[in-house]
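What follows is one structure encoded as C-alpha cells, with my remarks underneath.
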Amino acid sequence: MRKGILFLLSMTLLCSNLAYSQVETALEQADSNITRLDKKAQKKYKKELEKKHRQETGDTLNFFQKTWYKVFPKKVERDISYSEVYKEKPKTIMVMYPWNRSKEQFADEMFYVSICKELIDKGYYVLPALPTLQDYKADTAFNSRYCKPSEAKAFAKSHGVDAVLYVTIYTVKKEWWTTNINMNAQYDLVSTKTGTVLFSRHADFNYDSQMPTKSKRNKDFIEDDKENHYLGVSEQMQQYVFSDLPIGPYHRDYLMDQKKFSHKRDMKYKVNIKPS
C-alpha cells in the first residue's frame, strides 16, 4: 500500500515538473518574439495610427486644406446643417429657464428675455414667459440644469410645445482693466417629438465698447449702469447666435432660406465699436 502511494506521489511531482518546464519554454519563446523598433519605425507606426484614427473620425483634410478652409470657410447651406428643423417644422418653442454658471447675478434673466425676443423675431411662437417663470418660482429645479434634454418629450403633453431650448451660461464678465465684455453660453434646441437636437451652438461673444473702465472716480457710475450694458450686449449676442437658425412659420420668408449660409457649431465672434 505504501509503495503504491509513493509511486503516485512521484508521478504527480514528475508531471508538475514537466508542466512547469513547458510554461517556462513558452514564456522564453514569447520573449524571444518581441522586436524593438528603432525611432524611425516608431514614428512611421505612430503616423499610421494617427491616419487610421483620422479616417475613423472622418477627419481626412491635411494641414494646408485645414488652413485654407479656416481662412476661407466652406459654405454649408442651412438645409444641410439643420435638416431636422426643415423636416419637423417646429412652430412652438419653450425657452427653458437658463442655468446661470457665471458670477453675474442677473445673467439668467437677461438671457431669458433677450432669447425669447430673438426667437419671436425669427418667426416662432415662443411660450409666454409668465408660465415658465411661474413654474420656476414654484420649483427652482425647473431650469436647464436639472431638466435634462433627454426628458424633452414630456413637455409636448404638459406644455404643448414642439421644441425646448436649453441654455447654459458660462461667462458674463467685464474685467476692470478693459472695455471688452465677454459672454459665453451653450444653446441646445431639442425636439419634443423625437428627442433629437435640432440646433446646437456654443457661443463665445466679445463686445468691445466705449464703456469706461473701473476707477475710483467712475466706480459708482459703472456699478449703477452695468446691468444696462449687459442687457444690450446680451441682445446683440442672441442676434448673432440665432442668425442662421431657419426662419419660423410665422415669418413671411418661411422656407425661403434653405440655401443661405450656416455658421459652425462653435461660434467665436467679436464686435468692436470703439472709434478708430
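How many residues, within the stretch 117-153, are surrounded by 12 or more Cβ atoms within 10 Å (Cβ to Cβ) and either of a type in the set (A, V, I, L, M) or in contact (Cβ under 8 Å) with a residue 60 or more places away in the chain (or both)?
Looking only at that region, the number is 13.
Residues being closer than 15 Å to Ser144 by Cα and without any contact (Cβ under 8 Å) to a residue 40 or more places away in the chain: count how many of those fall in the stretch 156-205.
Adding up the residues that qualify gives 2.
Applying the selection to the stretch 234-274, what residues are open to solvent by 100 Å² or more (accessible area, probe 1.4 Å) and either touching a Cys at 6+ places or on another chain (Cβ under 6 Å) or assigned to a loop (DSSP other than H, G, I, E, B) (or both)?
Tyr250, Arg252, Met256, Lys259, Lys260, Lys264, Arg265
Output yes when any residue across the stretch 99-116 is out of contact with any helix residue (DSSP H, G or I) (no Cβ under 8 Å at 6 or more places or on another chain), of a type in the set (A, V, I, L, M, F, W, C) and either in contact (Cβ under 8 Å) with a residue 24 or more places away in the chain or within 24 Å of Glu235 (Cα to Cα) (or both), and no when none is.
No, the stretch 99-116 contains no residue that is out of contact with any helix residue (DSSP H, G or I) (no Cβ under 8 Å at 6 or more places or on another chain), of a type in the set (A, V, I, L, M, F, W, C) and either in contact (Cβ under 8 Å) with a residue 24 or more places away in the chain or within 24 Å of Glu235 (Cα to Cα) (or both).
What's the total number of residues in the stretch 165-199 that are within 20 Å of the chain's Cα centre (by Cα) and open to solvent by less than 30 Å² (accessible area, probe 1.4 Å)?
If we filter the stretch 165-199 for residues that are within 20 Å of the chain's Cα centre (by Cα), which is where we start, we get 165-172, 182-192, 194-199.
Still in the running and open to solvent by less than 30 Å² (accessible area, probe 1.4 Å): 165-169, 172, 182-187, 189-192, 198-199.
Final tally of qualifying residues: 18.
The values are calculated or read from the model by the stated rules, or taken from the named source; none is laboratory data. Since this is a predicted model, take the numbers as computed values, not measurements. All Cβ positions, even for glycine, are placed from backbone atoms using ideal geometry, and neighbour counts span all protein chains on display. Surface areas here come from the heavy atoms of the whole protein model, side chains and all, with no ligands, DNA or RNA. Shrake-Rupley method; radii C 1.70, N 1.55, O 1.52, S 1.80 Å.
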